[in-house]
Amino acid sequence: MRVFVVNSGSSSIKYQLVDVVTEQVVLAGLLERLGQPGGDAADHVAGMRVVLDRLGSDAASIAAVGHRVVHGGSIFTAPVVIDDEVVAGIEAVSALAPLHNPANLAGIRAARLALPDVPHVAVFDTAFHQTMPAAASTYAIDRAIAAEYGIRRYGFHGTSHQFVAGRAAAVLGRPLESLKLIVLHLGNGSSAAAIDGGRSIDTSMGLTPLAGLVMGTRSGDVDPGVLLHLERAGLPVAEVDAILNSRSGLLGLAGSADMRDVTAAAGAGDADADLALDVWAHRIRHYVGAYLAQLGGLDAVVFTAGIGENAPDLRARALAGLQHLGLTLDAERNAERSRAPRIISPDDAPVAVLVVPTNEELAIAQAAATLVG
Ligand code: AMP
């Protein structure tokens, strides 16, 4: 069974044709600069026609289309088959993700036109975290204001956290339902999730993907008073937005959003880069400690995404000093380069540490395949 996975941005369409049985990518590609001079197409509708052309005879093998949708608000708690009502629902929560949801919808509309005879499925970044208890999802602000503006913790990267948790259980040879896990999705965007018996009970991103860990260009947690202070000082909202979302994180602290640059600079003696790594690791440990407490026990910590999968030194730096919690690495296992999900703690460690490569496209394809049978 083949699922066509679409990740539509405001000016791009990323796509993959995935065989969910063999887990192989049949075909993958990207259209960029839609609507711009010299871009790959004039808009999403024209772009989808280009994609269909590229698919050629493979288009006939598509059993379903899986769409990545960033924000499902409180409406969507699982993947859904897209109809007009679902489109309206995604539209209704667009104010919560004004950069992402309209772009995702443009892709959905174009793909439904291009492939009208197969089911289309929306898979939400937020859905997995809808199991969080109210104590974790509620901000301590005026309840009427929160209700009026939809303000609560939603969390993101849910597709990845869920996928990685499932693979981790397989590597450990134990049912997911029996496991207490902390998943650390450490990439350009980063988030931590506490997963109890396969259900998300807490996560570091919030109303938006700005909260939590130190990211490539995003600040992660700051005192909300920082925003007020900057706005009172006369900075416009758009400027504060750009500072926190686009010019903070590793970029703000060390001058590059790319972790490889930051580690190289720190290795060459750059004090700013070294501090950036210390802040990055400090924040991760903060969440590991918090989630250990929320979970009331811990079977495994799981590293995933670009940094989590590829940077042994940073995994060690993130968990440094947590031996008293049972968190230790086997130096040789940690250093090994592999694409396979694997355990990197010693056999006798009280808490397992794993590396599990994430694969959001495969996860979306699997979710769509499960839903449409
Ligand atoms: P992602 O968003 O999951 O694609 O992750 C991108 C991030 O992973 C970037 O900051 C990369 O610099 C980082 N990354 C990829 N490979 C490595 C590596 N070998 N060492 C350190 N960081 C890496």
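Restricting to region 6-20, give me the number of residues that are closer than 19 Å to A59 by Cβ and either of a type in the set (A, V, I, L, M, F, W, C) or part of a loop (DSSP other than H, G, I, E, B) (or both).
Step one: filter region 6-20 for residues closer than 19 Å to A59 by Cβ, giving 6-8, 13-20.
Among the residues that remain, those that are also either of a type in the set (A, V, I, L, M, F, W, C) or part of a loop (DSSP other than H, G, I, E, B) (or both) are: 6, 13, 17-18, 20.
Number satisfying all stated conditions: 5.
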Looking only at residues in region 308-319 that are under 12 Å from W280 (Cα atoms) and among the hydrophobic types (A, V, I, L, M, F, W, C), which one is farthest from the ligand (Cβ to nearest atom)? L319
Here the qualifying pairs (Cβ atoms under 6 Å; residues six or more apart or on different chains; first in region 351-369 and within 17 Å of R339 (Cα to Cα); second among the polar types (S, T, N, Q)) come out as V353/S345; V356/T304; T358/S160; T358/T304; E360/T159; E360/S160; E361/Q16; A363/T159
Among the residues in region 277-297, are any buried (at least 18 other Cβ atoms within 10 Å of the Cβ), among the aromatic types (F, W, Y), assigned to a strand (DSSP E or B) and at pLDDT 95 or above? no
When H67 is evaluated against the numbered criteria (1) out of contact with any Gly (no Cβ under 8 Å at 6 or more places or on another chain); (2) in contact (Cβ under 8 Å) with a residue 60 or more places away in the chain; (3) assigned to a strand (DSSP E or B), which criterion, by number, is the only one it fails? (1)
Taking region 71-126, which residues are under 18 Å from N7 (Cβ atoms) and among the acidic types (D, E)? D125
For L235, the lone unmet condition from (1) surrounded by fewer than 22 Cβ atoms within 10 Å (Cβ to Cβ); (2) within 16 Å of the ligand (Cβ to nearest atom); (3) not aromatic (F, W, Y) is (2)
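Does R33 count as at pLDDT 95 or above, more than 18 Å from the chain's Cα centre (by Cα) and assigned to a helix (DSSP H, G or I)? Even if it seems obvious, please write down each step before you answer.
Details: at pLDDT 95 or above: yes; more than 18 Å from the chain's Cα centre (by Cα): yes; assigned to a helix (DSSP H, G or I): no.
It is false that R33 is at pLDDT 95 or above, more than 18 Å from the chain's Cα centre (by Cα) and assigned to a helix (DSSP H, G or I).
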Only one of (1) more than 12 Å from the ligand (Cβ to nearest atom); (2) assigned to a helix (DSSP H, G or I); (3) buried (at least 20 other Cβ atoms within 10 Å of the Cβ) does not apply to L327, and that is (2)
Out of all the residues in region 88-106, which are in contact with a strand residue (DSSP E or B) (Cβ under 9 Å, 6 or more places away or on another chain) and at pLDDT 95 or above? G89, I90, N101, A103, N104, L105, A106
Mind checking which residues of region 255-270 are buried (at least 19 other Cβ atoms within 10 Å of the Cβ) and either more than 11 Å from the ligand (Cβ to nearest atom) or of a type in the set (A, V, I, L, M, F, W, C) (or both)? A257, M259, V262, A265, A266
Count of residues meeting criterion [buried (at least 17 other Cβ atoms within 10 Å of the Cβ), under 21 Å from the mean Cα position of the chain (by Cα) and farther than 25 Å from G35 by Cβ] in region 76-120: 3
Qualifying position, being away from the ligand (no atom under 16 Å from the Cβ) and of a type outside the set (A, V, I, L, M, F, W, C), among S190, S137: S137
Members of region 240-254 that are out of contact with any helix residue (DSSP H, G or I) (no Cβ under 7 Å at 6 or more places or on another chain) and within 16 Å of the ligand (Cβ to nearest atom): N245, S246, R247, S248, G249, L251, G252
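The values are calculated or read from the model by the stated rules, or taken from the named source; none is laboratory data. What you see is a predicted model; the values in this text were computed from it and never measured. So basically every Cβ, Gly included, is an ideal-geometry build from the backbone, and we count neighbours across all protein chains shown.
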